[in-house]
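First up is the structure itself, then whatever we jot down about it.
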Amino acid sequence: MGTPHNNAGTGDFGKTVLMPGDPLRAKFIAENFLTEAKLVNNVRGVQGYTGSYNGVRVSVMASGMGMPSIGIYSHELFHFFGVENIIRVGSAGAISPKLALRDVVFGQAACTDSNYAHQFGLSGHFAPIADYTLLETAVRTAREMGIEPAVGNLLSSDVFYNKAGDTMKWGEMGVLAIEMESAALYCNAAESGRRALTICTVSDSLVTGKELPPEDRQTGFTQMMEIALKTAAVMDGTRL
Ligand code: HPA
């Protein structure tokens, strides 16, 4: 099998796929957290690997940046490769003063300024939400690791360099952090009857203007990846 964007074979992906935005981070996760990781996709350098974590088959593949990109890859993983769970492991900018750099945020839901959901022909606004089982499993896993995650709304934006300057208004509505993928991922999971969750590490703060150095974006995400991998291992025993 294969698609224009993914030349993996049928069955090449595990039940759960971790999706960082950055292909190099996908490689980093495969090399540092999985055993016997095998490259299963490399179309456009969007590296996808399947390996083993604590004896459970898990995959990791980059999503690229933005909703059009994660929209393509997640649709194909759900519809053509039999993937049941996608856990996005990304970075986000804090828009809530409650968050600090390196905090772990779980996207219970994702607001958006994107028109992605227009394709579903609904006569209202669809509310993209995380899968509850994945979210509950990830919260329990994080707490077992001694980490208290922030859980709440994300803003998935189409625009990084935003001229409108209204991002902080979302913060006034209790939205925790801004990123660029989750709303489309949650829509695709809903449309395909599969599960999705976003776990983000705060890489910068729009409240304080502080940001993590670039090296930390690549390597400083160990906690988030361990939560995601342990969650994937638990989810191996679940049914849709
Ligand atoms: N904006 C959008 N996406 C992001 C940001 C941001 O400030 N930080 C990390 N991902």
Is it fair to say residue 204 is within 14 Å of the ligand (Cβ to nearest atom) and in contact with an Asp or Glu (Cβ under 9 Å, 6 or more places away or on another chain)? yes
Being under 26 Å from residue 178 (Cα atoms), β-branched (Val, Ile, Thr) and out of contact with any strand residue (DSSP E or B) (no Cβ under 6 Å at 6 or more places or on another chain) is the requirement here; does residue 87 meet it? no
Could you give every pair whose Cβ atoms fall below 9 Å, whose first residue belongs to the stretch 152-175 and is farther than 18 Å from residue 202 by Cα, and whose second residue is part of a helix (DSSP H, G or I), counting only separations of at least 6 or pairs across chains? 158/67; 158/68; 158/116
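May I ask you to say which residue of 154, 134, 176 is under 16 Å from residue 232 (Cβ atoms) and touching a strand residue (DSSP E or B) at 6+ places or on another chain (Cβ under 9 Å)?
From the options 154, 134, 176, the qualifying one is 134.
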Criterion violated by residue 147 - all others in (1) crowded, with 16+ Cβ neighbours inside 10 Å; (2) in contact (Cβ under 8 Å) with a residue 40 or more places away in the chain satisfied: (1)
Tell me which residues, restricted to the stretch 48-61, are surrounded by fewer than 21 Cβ atoms within 10 Å (Cβ to Cβ) and not small (Gly, Ala, Ser). 54, 56, 57
Condition (residue is more than 12 Å from the ligand (Cβ to nearest atom), under 22 Å from residue 171 (Cβ atoms), of a type in the set (Asp, Glu) and crowded, with 20+ Cβ neighbours inside 10 Å) applied to the stretch 103-113: is it met by at least one residue? yes
All positions within the stretch 166-180 that are surrounded by fewer than 20 Cβ atoms within 10 Å (Cβ to Cβ), away from the ligand (no atom under 11 Å from the Cβ) and within 13 Å of residue 113 (Cα to Cα): 166, 169
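Can you tell me which residue among 191, 136 is without any contact (Cβ under 8 Å) to a residue 24 or more places away in the chain and among the acidic types (Asp, Glu)?
Testing whether each residue is without any contact (Cβ under 8 Å) to a residue 24 or more places away in the chain and among the acidic types (Asp, Glu) leaves just 136.
Every read-out reported here was derived from the displayed coordinates using simple, explicitly stated rules and does not represent laboratory data. Quick caveat: nothing in here was measured; it's all calculated off a predicted structure. No Cβ is skipped: glycine too gets one built from the backbone with ideal geometry, and neighbour counts run over all protein chains shown.
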